[in-house]
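Presented below is the structure to which this report refers.
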Amino acid sequence: MQCLSCEQANAQGSKFCSLCGLPLPPYMPSAPATGTICSACQHLNIAGSFFCYSCGNYFAETGEKPSGNGAKPLEPVETQLASKARVIIPGRPEVLLTGAPTFIERSSFDPTLPQDILMSISRQHILITCDNSTFYVQDFGRDGTGSTNHTKLNDVDIHHKGRQPLKDGDRIELARQSELTLTFKLT
């Protein structure tokens, strides 16, 4: 891992430069690696992980929910490291989308937001998935039944409307709060 600022060689997987202390870019192996890639911090986790070992982000699967009484836990999806799209969150680092299912949730936002605005976001507010190179957004909420305060895609409420395809530049507003408007960008 070479520092982009001072060009110091650092140990593989280091997060900060040992010479200048600046953050290092996320570890990207030269050969494509598989495993569960965290969309929040780009950490490569062991295949089958449910949570990121680096930041604690939860991973999900796009598959259909089983019918019956028991809810099957969502399972992680293995993916390649290449970023295909990103979500711009006001006041936060971009969320890189690699094709793995990704939640945008309360913890994705700045914890210094006013409490009433922060608490209007569901714990798993939206789920972004990719299928055949097309990204989709779903108002997810608890157990996939929809968020408490809804989601708008380009000013249209998508609560209980299933997966909606995303296009470059789409605006996703969470919880009827204009300050919680995200922007979807293809890379």
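Straightening the chain between Ser133 and Cys55 buys 25.4 nm, computed as 0.36 nm per residue apart minus the Cα-Cα spacing. Counted by Cβ distance under 10 Å from Gln124, the other residues give a net charge of +1, where Lys and Arg count +1 and Asp and Glu count -1. Between Asn10 and Asp155, the contour length at 0.36 nm per residue exceeds the Cα-Cα span by 47.6 nm.
Can you put Thr187, Thr98 in order of Cβ neighbours within 10 angstrom, beginning with the fewest? It would help to have the intermediate numbers written out before the result.
Working: Thr187 11, Thr98 19.
Least to most surrounded, the residues fall as Thr187, Thr98.
Each value in this text was obtained by applying a stated rule to the coordinates, not by laboratory testing. Keep in mind the model is a prediction, meaning the values are calculated, not measured. A quick note on method: Cβ atoms are made from the backbone with ideal geometry, for glycine too, and the neighbour counts reach across all protein chains shown.
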